[in-house]
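Trainee: Before anything else, here's the structure in question.
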Amino acid sequence: MFEQNQKEIETLMQRNAEFRSLYQRHRELDSKVRDAELGVLPMDDVTLLNMKKEKLHTKDRLTSMWQAHSASA
């Protein structure tokens, strides 16, 4: 997510602790969801669905924060 703007993301992460925390949480969820879907991380369907929902909510919040940052820059 946001890989095309990595330098700007790093700057925003340094300036905004909430963005940094959400970004790290999104990466963690992305990894766990991927591992569960590959069968590397055993997980029941309900837990996987909840993780996907949290990942999507986190991404939506990150996108909103990114857009607000870009508009003010």
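Trainee: Let me check the size of the chain from its C-alpha atoms; what are the radius of gyration and Dmax in Å?
Mentor: Cα-based Rg and Dmax for the chain come out at 13.9, 43 Å.
Trainee: Please give me the summed charge of the neighbours of S72: other residues whose Cβ is under 14 Å from its Cβ, Lys and Arg +1, Asp and Glu -1.
Mentor: Net local charge, S72 excluded: 0.
Trainee: Run lengths n ≥ 4 of DSSP H only: what is the helix-derived mean residue ellipticity at 222 nm for the chain, with -39500 (n - 2.57) per run over all residues, to the nearest 500?
Mentor: So the helix-based figure for the chain works out to -28500 deg cm²/dmol.
Trainee: In percent, what relative contact order does the chain have, based on Cα pairs under 8 Å that are 6 or more apart in sequence?
Mentor: 31 percent
Trainee: Also, I was wondering about something else. If the label point is 7 Å along Cα→Cβ of N16, which residues in the range 51-73 have backbone nitrogen under 16 Å from it?
Mentor: Only 57-73 pass the distance filter.
Trainee: Could you tell me whether the range 1-43 comes out rounded, prolate or oblate from its Cα gyration tensor? Rule is a ≥ b ≥ c as square roots of the eigenvalues, rounded for a/c under 1.5, then prolate if a/b exceeds b/c, otherwise oblate.
Mentor: Note, shape of the range 1-43 comes out oblate.
Coordinate-derived values only; no laboratory data. Please read all numbers here as calculations on a predicted model, not as lab measurements. Every residue, glycine among them, receives a Cβ derived from its backbone with ideal geometry; neighbour counts consider all protein chains shown.
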